[in-house]
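Have a look at the structure below, then the notes.
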Amino acid sequence: MSLIQFELNGQSHSVDAQDNDNLLDVLRNQCGQKSARLGCGLSQCGACHVMLDNHAVPACSTPMWSVAGKQVITLEGLGQTDNPHPLQTAFCQQQAAQCGYCSSGMLMTAAALLKHNPHPSPDQVREALQGNLCRCGAHNRIVRAVCQAAQSMERV
């Protein structure tokens, strides 16, 4: 075990973990961050995506040694109930979450996209989200929501 320090949702954080422990287990079991979910466990479904230094990564396969000294943002850190992120507002308005299992990963991947491309086309949104699976078939609403959020962020 070693002490691994990183920033979690804007706060300095330290955890005792093995270097090869994965970020998802540490977030859920030690940090109380439950939004990232285990889907496939193979980095193929996107349910566990979080932002690591403003890039969407699968937390299920991100080893803790690679997180040391970096910034991690989960859905809990994206927005607050009284001040939601524009993506969260747009997902609600577009009814882009049916069962909701994939939503956290979709939102975090979309947030990373908007950090790097604040004006994505619908095709660019689809490309960015291709690693996020939604079994409910809400992809078109999700793409509309991301585009709506980009437009609303533009006005701020």
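Yes or no: residue 91 part of a strand (DSSP E or B) and at pLDDT 95 or above? In short, no.
The residues on offer are 95, 88, 11, and the sole one that is over 15 Å from residue 111 (Cβ atoms) and either under 14 Å from the mean Cα position of the chain (by Cα) or in the same structural domain as residue 148 (by TED's automatic domain parsing) (or both) is 95. Flag: residue 12 does not match the condition of being in contact with a strand residue (DSSP E or B) (Cβ under 8 Å, 6 or more places away or on another chain), among the hydroxyl-bearing types (Ser, Thr, Tyr) and modelled with pLDDT under 95. A single entry from 15, 50 fulfils the requirement of being closer than 29 Å to residue 144 by Cα and in a strand (DSSP E or B): 50. Restricting the first member to the range 27-52 and to residues that are among the β-branched types (Val, Ile, Thr), and the second to residues that are in a loop (DSSP other than H, G, I, E, B), the beta-carbon pairs closer than 6 Å and six or more apart or on different chains are 50/36; 50/74.
Inspection of the range 129-139 identifies at least one residue that is loosely packed, with under 15 Cβ neighbours inside 10 Å, out of contact with any Lys or Arg (no Cβ under 8 Å at 6 or more places or on another chain) and at pLDDT 95 or above.
Answer yes or no: is there a residue in the range 97-107 that is surrounded by fewer than 24 Cβ atoms within 10 Å (Cβ to Cβ), among the aliphatic types (A, V, I, L, M) and touching a Ser or Thr at 6+ places or on another chain (Cβ under 7 Å). Yes, that holds for at least one residue.
Would you tally the residues in the range 1-14 being surrounded by fewer than 20 Cβ atoms within 10 Å (Cβ to Cβ) and either touching a helix residue (DSSP H, G or I) at 6+ places or on another chain (Cβ under 7 Å) or closer than 22 Å to residue 129 by Cβ (or both)? Counting residues in the range 1-14 that are surrounded by fewer than 20 Cβ atoms within 10 Å (Cβ to Cβ) and either touching a helix residue (DSSP H, G or I) at 6+ places or on another chain (Cβ under 7 Å) or closer than 22 Å to residue 129 by Cβ (or both) gives 2. Going through (1) crowded, with 21+ Cβ neighbours inside 10 Å; (2) not assigned by TED's automatic domain parsing to the domain that holds residue 147 one by one, residue 54 falls short only on (1).
Checked against the criterion of being in contact with a Pro (Cβ under 7 Å, 6 or more places away or on another chain) and hydroxyl-bearing (Ser, Thr, Tyr), the candidates 104, 121, 152, 66 yield just one match: 152.
The values are calculated or read from the model by the stated rules, or taken from the named source; none is laboratory data. Since this is a predicted model, take the numbers as computed values, not measurements. Cβ sites come from the backbone with ideal geometry, for glycine too, and all protein chains shown count toward neighbours.
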